[in-house]
Each structure stands twice: as structure tokens, then as C-alpha cells.
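Structure, as C-alpha cells:
The values are calculated or read from the model by the stated rules, or taken from the named source; none is laboratory data. Being a predicted model, the structure only gives us computed values, none of them experimental. Quick reminder, even Gly has a Cβ in these numbers, built from the backbone with ideal geometry, and neighbours come from all protein chains shown. SASA here: full protein model, heavy atoms, side chains in, ligands and nucleic acids out. Shrake-Rupley method; radii C 1.70, N 1.55, O 1.52, S 1.80 Å.
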Amino acid sequence: MVATLPKTDARYTWKVTASSFLGNTLEYYDFLVYGTAAAVVFPKVFFPDASGFVATLSAFGTFAVGFLARPLGGLFFGSRGDRHGRKSTLMVTLTLMGLSTILIGLLPGFGTIGIWSPVLLVALRLLQGFAVGGEWGGSMIIVLESAPPNRRGFFSAWPNTGGFSAQILITGIFAYVYTLPDDQLLSWGWRIPFLLSAVVLVVTFWMRRSLHETPVFTKAVAADQESGTAAAEAERPKRGPIRTIFVDDWRNLLLIIGLRFAESVPYFLLTVFALSYGTSALGLEKTQLNNAILIAAVLSFVSHGVFAAISDRVGRRPIYFFGAVVVFVMAFPFFAMLHSGSMVLIVLGYVLILNFGHNAINAIQPAFFAELFPAERRYTGAAAGREIASIFAGGLTPFIATALAGQDGSRWPLVAAYVMIGALITMFAVYKAPESFRRDLSATGETVR
């Protein structure tokens, strides 16, 4: 029996939002600290016998492995969340996500345990990805379903700034880590960011314990499950949310895959690939790129709030399309700015792509994706769709970009073209997607088209 949620007020809505914000900060912190370490440290710690270029590809390969487990996590935890509730599922994903990251920070290097070191690294990366696959969908939906109907885009946007709050934390921590001598950096310094995730884990776990289940789940989903009289159940054979999303909602799953390219590709390109490319191919200082990322991360809080508030008035599709156009237009100019070596131009490039392109998309993505699915399979659909897309549009980006750029980075135009193609795919997906900002979140049974 699911507890009934009292009438929510503004304070409770912000409490749910803050809890999800911290959960997503931990999610992105775990993944981005891995990506940063993969670009700078892991080639020497876990793949010391490989050449520099091959070792970097190997490290980015383990980065991509985590994304392979994310769809499985999205399906597993999404189904659990649709059957047993959003809150209890999020407690499980949070715990698994935090513990796997801490264990990576305790992992011995290749010089200590040999081949078992990269093997265990991959195993923990898979566990991390499995947990993250269920975290995003649940943390966004618990906010969406608890927020005022006319402001759900605004409130659900704030947890999605977790990637930037995590980037601020990572930038600050690595600013210290980078000052360590190489022998200390490679022995114990790189472990500090992983072990510090325990702080965010404890705080978020404490906050989530006091949350209620969402009104939508309590009144629409749980009530139907208990009574067995839902209209959708009467009209078709009973089947679980996983099977249903692939049978009834497959068009929306394909749309989400297309919608993710203009968001995920530039994000991981600028926050993971560029750290390796800029230092190795262009001779830029790591601190230059980290400072550019830090400035864009701070500005992201403003841009998310603005774009999300506008989407609650004019709809999700216009804002999403605008962000994709910015990413398309800025693909080649960004590399020109990066090659200039000018700190002002590098920062400008990061701000234009991340704050005007990526943020316009990222701000409304939680609401847009979740609104595409009916209440009883919303968690499964949104989580699975996003994480399936992450394989193609996220985890492989640093690997593909490194391979396209070549050993000396001279083939960078291919990387820029790759970004433009991703933006075009997203524009087409927005054109085909339905407008969703006025949907009734309590509706069950019908596929949203």
C-alpha cells in the first residue's frame, strides 16, 4: 500500500527538487569524474603498456562501457518504479551509484594486480552505468509529478543542472589534483574525487528518506494496480511496462533517441574529449579548458531557469529546436575558437554551445521526455528511451571523436561534421515529435502521439 501524499506546497516542491538535484549531481559527478580521469590519468594507471594514443582510446572505451549498461538499468529500475513507486526505486539507484564510484577510487592499478585492474574497472563501470540508468528518469519524474502543472518544466529543469554542479565540483577538485607531482597524482591523487562522492551520497540519501510518493503514482498508477479496473487493462491483455513501451510506444522511443544527439554529443565533446584533444593536440593548458568549463557551468543555472520557464508558456518543441540549431551552427566555429588558443575565444565557444545550445535542450528534456508516456509506464519509457539513446549519442562520443580526429588531431573537421549530423538528427526528431507541455500527467493507457 502506497502512502497518500498530503497536498503539496511550494516548500515541499522545492524539497523534492533539491533532492533530485543532489541525486543528479551525484549521477553526473560519478560519470564525469570518470571521464576526466579517463582523459588524464587512466591511460597510465590502467593501460600502461599501450602507446599514448591506444591507451587513451582504451580509457575512453571503458568510459563508453558504462553507457552500455544504462539501458538495462533504465528498463529494470523504470519497471520497478512504475510498479512499486518512484521513491523506493530512487533509494536503490542512489546507493548502487555511489558505492560503485567509491570502489573505483579504491581500485589498485595495473602495476599492483595486473590485468585484473582494468577488468575490475570495467565491472564497476558497468555497475555504475546500471544504477545511473534508473536514477535520471526517476529523479526527474518525482519532481515532474509533484510540481504545479503550469510550472513542471521549470521545476524539472533544476535537477538536470546536476551535470553542471557536478562539473563545478570536479573542476575545483581537479584544480587541486593537477597541482600534485605526477607520482602522487598517479598513485593516490586521482582517487580523491572518487572517494569524495561519499559526501554527496550521504546527504542525498538523508534527504530522500523523508520524501513522499508522487500524487500521480498514488492516485493513478497505484490505484489502478490495486483495483485492477483500469480501462487499459480491460481493453488489452495484461503486460508489464517493459513490453508495453516496445509494443505501444516504440515511436516515442525512436524520437527520444533522435532528440538526444544535439544535447549529448556536444556536452561530452566539450567536457571529456576536448580535455584530451586540447592538451595533447593543441598544447593548451588543462587549467584553460577547466576554467572555460567552469564558467559555462556557472552560467548554466541561469540559462536552464530561463529556457524552462519559457517552455512552460510556449511549449517544449520551439525551445528544443532552437538549441539544436545553435549546436549545428557552432560546430566548426567552436574548433576555430579552440585552435586560436585565446582564453576569451575559448570561453565564448563554450558559452555559446553549452549555455545557448545544450542548455536550451537540457532544460526541458526531463519534462518533454516524461510527458511522452502515460502514467503507468512513464518511468520505464522515459528512463529506457534516454539511456538507449545514451549509447549512440553519449558514451561513444569521446571514443568516436578521438578516432575521427586521428593521432595528431589533424582531422578535427570530421569531428565538427559529426556534431552537425547529430544536430540535424535532433531537428528532424523535434519536427516529428508532438507538443506535450499541456498533457495530463495522470492519464493512463493511451500512447502519446
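Results for (1) part of a helix (DSSP H, G or I); (2) open to solvent by 10 Å² or more (accessible area, probe 1.4 Å); (3) without any contact (Cβ under 8 Å) to a residue 12 or more places away in the chain; (4) in contact with a Leu (Cβ under 6 Å, 6 or more places away or on another chain), shown as yes or no for each residue.
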| position | (1), (2), (3), (4) |
| --- | --- |
| 387 | yes, no, no, no |
| 408 | no, yes, no, no |
| 416 | yes, no, no, no |
| 428 | yes, yes, no, no |
Taking the range 303-356 and keeping residues surrounded by fewer than 16 Cβ atoms within 10 Å (Cβ to Cβ) and among the hydroxyl-bearing types (Ser, Thr, Tyr) leaves 340, 342
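Yes/no matrix, rows are residues, columns are (1) in contact with a Lys or Arg (Cβ under 8 Å, 6 or more places away or on another chain); (2) at pLDDT 90 or above:
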site: 99; (1), (2): no, no
site: 112; (1), (2): no, no
site: 115; (1), (2): no, no
site: 122; (1), (2): no, no
site: 134; (1), (2): yes, no
site: 141; (1), (2): yes, yes
site: 153; (1), (2): yes, yes
site: 156; (1), (2): no, yes
Residues in the range 179-195 that are part of a loop (DSSP other than H, G, I, E, B) and within 15 Å of residue 103 (Cβ to Cβ) total 1
Would the range 326-344 turn up any residue that is of a type in the set (Gly, Ala, Ser) and outside any helix (DSSP H, G or I)? yes
Subset of the range 177-211, residues open to solvent by 70 Å² or more (accessible area, probe 1.4 Å) and closer than 25 Å to residue 152 by Cα, comes to 205, 206, 209
- Item | Qualifying residue in the range 75-90 (condition: modelled with pLDDT of 90 or more, among the basic types (Lys, Arg) and surrounded by fewer than 24 Cβ atoms within 10 Å (Cβ to Cβ)) | yes
Of the conditions (1) among the β-branched types (Val, Ile, Thr); (2) open to solvent by 60 Å² or more (accessible area, probe 1.4 Å); (3) in contact (Cβ under 8 Å) with a residue 60 or more places away in the chain, the single one that residue 122 does not satisfy is (2)
Restricting the range 430-449 to residues that are open to solvent by 60 Å² or more (accessible area, probe 1.4 Å) and in contact with a Pro (Cβ under 7 Å, 6 or more places away or on another chain), the one nearest to residue 264 (Cα to Cα) turns out to be 449
Counting only residues in the range 157-176 that are under 24 Å from residue 367 (Cβ atoms) and among the hydroxyl-bearing types (Ser, Thr, Tyr), the one surrounded by the most Cβ atoms within 10 Å (Cβ to Cβ) is identified as 161
Filtering the range 389-406 down to residues that are closer than 15 Å to residue 268 by Cβ and assigned to a loop (DSSP other than H, G, I, E, B) yields 396
Cβ pairs under 9 Å, 6+ apart or interchain, first in the range 166-182 and in contact (Cβ under 8 Å) with a residue 40 or more places away in the chain, second charged (D, E, K, R) and open to solvent by 60 Å² or more (accessible area, probe 1.4 Å), ordered by first then second residue, are 174/286; 178/286
